[in-house]
Each structure stands twice: as C-alpha cells, then as structure tokens.
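All of the numbers you see were taken from the coordinates with simple rules; none came from a lab. From a predicted model like this one, the values you see are computed outputs, not experimental measurements. Positions of Cβ are generated from backbone atoms using ideal geometry, with glycine treated the same way; all protein chains shown enter the neighbour counts.
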Amino acid sequence: MTHKKPEASNIVIFGGNGDLAWRKLIPAFFNLYINDFMPSKFAIYGIHHQALDEDEYRKHLLEGINTFSRSGKATKEEWKKFSQHVFFFQGDFTQEDTYTRLGKTLEANDKKWKERASRLFYYSVAPRFIEPISIALSSHGLASVEGKDRIVVEKPFGNDLASAKELNKLLTKHFKESQIYRIDHYLGKETVQNMMAFRFANYVFEPLWNNRFIDHIQISVAEQVSVSGRGGYYDQSGALRDMIQNHLMQIMCVVAMECPGKYEAEAIRDARVKVVQEIRSFKKKDVFKNVVRGQYTAGKINGVSQKGYRQEEKVAKDSTTETFVAARLYIDNERWQGVPFFLRTGKCLPKQSSVIVIQFRESPHKLFQKETVPNRLIISIQPEQEISLLFESKIPGVEMKLKPVEMDFTYKESYTEAVPEAYEALLLDVLEGDATLFMRADQVEAAWAKVMPILDAWKSTSDDLLSYKAGTWGPEKANELIQQQGFDWTFLPQPLQPAKPARKPRKAKAAVAG
Ligand code: BG6
C-alpha cells in the first residue's frame with residue numbers, strides 16, 4: 001500500500017525513558033522522519049516519572065539512534081531538525097495532574113497547528129500501569145475522538161486467557177476497539193509481510209498450498225541471545241508465553257490463512273483469527289507427546305561462555321521456566337487436515353535463524369533410481385532475508401545423475417531499497433489509522449485459548465522439562481519430534497544438501513499428483 005503523509009499528530013510515549021523507546025521507537029520515528037513519512041506537524045512526548053533535563057533526554061535518545069538505527073548515525077542536520085519535535089514530559093502515570101498538564105500541552109499544539117491533531121498514546125509500560133493510564137486518558141477525555149485517537153499496547157497482552165480477557169474488557173470499556181492497536185512486531189517484519197504477497201500475488205504457489213502437496217511446515221525462531229537483563233520478566237513468562245503465543249502463532253496465521261476477499265484490515269484480520277480458532281486444542285495427555293520444553297544450562301556460544309538460565313540475574317535458583325519450546329500443532333480444516341506445523345523457539349541456541357519451511361511431499365512416481373529429495377521452500381525471516389526453493393536437477397555430464405539445487409531470491413540482490421524495521425512499518429500504520437498488522441481482541445484471546453492446555457499440563461508436573469547446553473540446538477527430544485515426520489529442523493545458513501530424512505517421507509496422494 002502506498003502511504004500519503006499522515007495528518008498532524010501528537011505522539012505520547014508512556015515509558016519514554018525506557019529501553020523500548022530508546023532502542024526501537026525513537027529510532028523508528030527518526031527513520032520515518034528522514035524518509036519523509038512523518039506528518040509535517042508532529043510532536044513526540046516521552047513521559048517518565050522522574051525529572052530529567054530535556055537536553056540530557058534528547059542526548060540519550062540520539063545515542064539510541066546512533067547505536068540502533070538501521071540507517072546508522074544521524075547527521076547533525078537531521079538530528080537538529082528531528083529533535084525539535086521531541087520533548088521530555090515529567091509525569092507520574094498514576095497522578096491526575098500528569099493528565100491535566102498533558103491535556104493542556106496537546107491542546108496548545110492543536111491551537112498552534114490550527115487543527116485537532118490525531119493522538120497516539122504508546123503504552124511502553126509494565127502491565128500494572130495499563131489500567132491507571134487507560135482510566136485517566138478516558139476520564140480526562142484525552143483520547144475521545146474515535147477516528148483520530150489511538151492507543152498502542154505492547155505485549156505481554158495478559159499472562160493467560162483470563163487476564164487477557166480482563167485486559168480486553170478494561171481497554172474496551174475506555175476506548176473503541178478501532179482505537180486499540182495491539183502490537184506484535186513480527187507482523188511488521190518485511191519478510192512476514194511479504195508472505196501475503198508471495199502467496200496471494202503468485203498464482204503458481206496457491207494450488208500447491210495444502211495437504212495434498214505439503215508434508216509439513218516448520219516455523220522456527222532460533223535466538224542466540226540469552227535472557228540476560230530481562231530475568232525478572234522472563235522468569236514469569238517463559239518461551240511459550242513470550243514467543244509462541246504471539247510471534248510464532250502470528251507467523252503461522254500468515255502462512256496458513258485463506259485469501260481474504262479484500263486487501264482490507266478487517267477481512268485480513270478475520271482470515272488470520274480463523275486460523276488460530278481452527279488449531280486443534282490439546283488434551284492434557286497429548287501435550288507431553290507434542291510439546292517439548294527445555295531450559296539452558298551453562299555452555300559456550302561461538303566460543304564465549306554463557307551462564308545457565310538459573311544463574312541469570314532475577315531468575316529463581318530452582319526455576320522451571322522454559323527457555324525453549326518445540327511443538328507440533330495441527331489445523332483442523334480442509335486445507336490443512338493432517339499437515340503438522342512444527343513450531344520451535346529458544347534462547348542461547350548456536351545462531352540466530354528465523355525461518356519458515358514449507359516441506360513438500362515426495363513424488364508418488366519413482367522415475368529415477370536415486371532417492372530424490374522432495375521440494376522444499378525456505379522463507380528466511382532473519383538475519384538473512386531470502387526465499388529459496390530446493391529442487392532436483394541433472395548434474396551436467398553423460399550420465400543421468402541428479403542433485404538437489406536451490407533457486408534463491410535475496411532482498412540484498414533484488415532490491416536497492418532498504419528494508420525498514422518492523423516498528424517503522426507499524427508506527428506509520430498507527431499514524432495512518434491502519435490496523436491490518438495489529439491484533440484484534442478475538443485473536444489474542446483465541447491464541448491464549450490454544451496455549452492454555454499446555455500451560456495447565458505444565459503446571460501439574462515439571463518432569464518433562466529438559467535441559468540443554470547453551471550453544472546447542474535444544475533438547476534432543478525436539479529433534480526426535482520432527483524426525484518422527486521423517487525430517488530434521490532446517491536452519492540457515494546450512495549446506496545445500498539437506499539432511500537425509502530420518503525415515504522415508506510420506507508420499508503425495510497418487511490420485512492428485514499422479
Ligand atoms: C520479544 C521477546 O517480543 O521478541 C524477546 O520478548 C525476543 O524475548 C524478541 O528476543 C525477538 O524479537 P526479534 O525482532 O529480535 O526477533
């Protein structure tokens with residue numbers, strides 16, 4: 001979709017001195033600004049409870065841009081212009097006076113700009129502040145214009161189904177659903193967005209995108225980073241809540257959804273939510289057969305020592321929180337019946353590698369003597385951004401010898417355009433009032449409903465919690481889970497020749513492919 005310049009905007013970041021604002025939000029606004037996507041009239045207020053000198057605050061933000069912005073260090077000229085739009089606002093989120101002063105500040109801008117600017121309130125705060133902020137914004141009438149005023153809520157969006165429902169109830173009591181933007185930054189990633197284009201703008205793949213031709217699908221988000229510095233949050237959360245319930249399930253939706261009738265927010269969100277609703281719910285006994293959890297112990301990653309999870313700061317010494325999950329899920333609908341979706345994520349793995357693998361079935365007819373490798377499509381989300389298709393080819397020579405080769409599309413080689421950060425795409429969408437890439441209340445609740453049986457089963461015992469050494473690919477049982485399907489986990493970069501299937505892959509249905 002093309003973007004026109006958004007209308008005048010007041011942007012308020014609750015938690016303006018926090019890590020997210022520093023690393024992600026301000027660098028994203030800055031990049032939007034230098035690429036001419038910000039409104040011609042805008043102001044950003046970073047709210048923090050302690051008093052800070054505005055110049056010092058701006059200097060700190062500049063350091064964040066210089067460290068984390070994808071476009072590198074800001075030039076003096078760019079920063080000078082941008083920083084004139086950025087202000088520090090001292091205020092306690094729980095004090096009425098904060099909102100009275102904020103209201104006056106926003107109104108003064110409206111007056112100066114001679115229009116009622118739109119308002120974006122970003123909740124970059126601990127969950128306990130969501131309620132007081134929402135109540136105060138509502139009682140002070142600060143977000144009262146439905147088509148113009150929006151709130152952005154960061155994860156964690158609840159801690160389980162009941163708390164997510166509570167949170168939705170609270171937010172919809174104070175704002176219209178159309179004003180609430182629940183962010184999952186994975187939906188803003190360029191390669192995740194490209195899934196829609198790839199699937200629905202290329203008719204060649206769509207006829208194959210179903211259980212007749214696909215053996216299984218892998219969605220794997222491997223992280224090299226530990227939980228260091230975030231132990232307090234992570235120990236209450238774990239990989240299932242932190243990654244699977246949101247990011248991996250969102251990717252699963254984009255991979256598995258039906259083509260929406262229109263390229264329009266509600267139609268696309270309807271199509272995504274339907275996928276989650278149709279994920280088969282686990283019975284307790286099935287959880288242990290289909291879900292593997294692990295926790296890292298001390299090890300080495302790329303030769304660098306890494307302490308064990310239980311030795312991390314603010315983590316309980318006897319913690320049973322999982323830092324790794326691999327799960328086999330099924331979607332009960334006509335398209336996907338019988339096709340396992342393998343989801344895997346973990347911290348302290350050997351490398352960062354987020355990939356979607358569409359593993360096709362083997363041809364039912366064996367024309368060649370050699371065991372051929374079934375086709376495989378890899379969509380790499382990060383750090384590489386590429387799509388590759390593996391297929392068999394004849395090795396040049398007088399004999400008929402085959403070898404699998406890959407056809408690659410890489411962003412680097414195909415485009416000169418820079419790939420924006422997920423937050424840039426998402427923040428611009430909020431400024432424009434486009435909710436396509438945000439989660440609706442029903443989707444968040446549906447995703448929680450699907451992970452609840454796993455959380456409940458885990459509550460009853462921790463006997464299934466396995467350990468894995470930092471710097472390895474997680475517990476061996478996670479490999480066995482996918483090997484039962486006849487394959488191994490795929491990660492990038494890896495040698496061209498795929499790992500030999502552990503058992504013969506299932507054949508495609510002859511009636512269809514023959
Ligand atoms: C966050 C999780 O939502 O996503 C983190 O809380 C995780 O634990 C991060 O590291 C991964 O995001 P990205 O964009 O770095 O893949």
Checklist outcome for this item: Under Stokes-Einstein, the range 379-459 at 10 °C and 1.306 mPa s, with its Kirkwood radius over C-alpha pairs, diffuses with a coefficient in µm²/s of 90
Item to check | Ranked E54, E399, criterion: other C-beta atoms within 10 Å, fewest first | outcome: E399, E54
Checklist outcome for this item: Taking Cα atoms only, helix 190-200 is inclined relative to the longest principal axis of the chain by an angle, in degrees rounded to 10, of 60
Checklist outcome for this item: Descending packing, highest mean Cβ count within 10 Å first, for 159-169, 104-114, 82-92, 407-417 is 82-92, 159-169, 104-114, 407-417
Checklist entry - Mind checking the angle between helix 96-113 and the chain's longest principal axis? C-alpha axes, 0 to 90 degrees, to the nearest 10. => result 90
Item to check | Principal axis dimensions, largest first and in whole angstrom, of the chain by Cα | outcome: 78, 50, 45
Checklist entry - Where does helix 161-174 land angle-wise versus the long Cα axis of the chain, in degrees 0 to 90, nearest 10? => result 40
Checklist entry - Using the Kirkwood formula over every pair of different C-alpha atoms, what hydrodynamic radius in Å results for the range 162-238? => result 17.1
Item to check | Sequence-distant lysines (8 or more away, or on other chains) whose Cα lies within less than 18 Å of K189 | outcome: K24, K155, K412
Checklist entry - Got a sec? How would V192, V430 order by Cβ neighbour count within 10 Å, fewest to most? => result V430, V192
Item to check | Convex hull per residue volume in Å³, alpha carbons only, for the range 325-377 | outcome: 122
Checklist entry - Which order results if F121, F368, F491 are arranged by neighbouring Cβ count within 10 Å, fewest first? => result F368, F491, F121
Checklist entry - Along the positive direction of the dipole of the range 390-470 (beta-carbon charges: Lys, Arg +1; Asp, Glu -1; about the Cα centre), which of S462, P420, A449 reaches farthest? => result S462
Checklist entry - Taking Cα centroids, how far is the range 107-167 from the range 359-395 in Å? => result 47
Next on the checklist: Could you tell me how many cubic angstrom of Cα convex hull volume the range 203-300 has per residue?
Outcome noted: 184
Checklist entry - Rounded if a/c is under 1.5, else prolate if a/b is larger than b/c, else oblate: which is the range 1-138, with a ≥ b ≥ c the root eigenvalues of its Cα gyration tensor? => result oblate
Checklist entry - Which of the lysines could be linked to K307 by a straight reach, that is with a Cα gap under 22 Å, when you skip same-chain ones fewer than 8 residues away? => result K317, K347, K351, K469
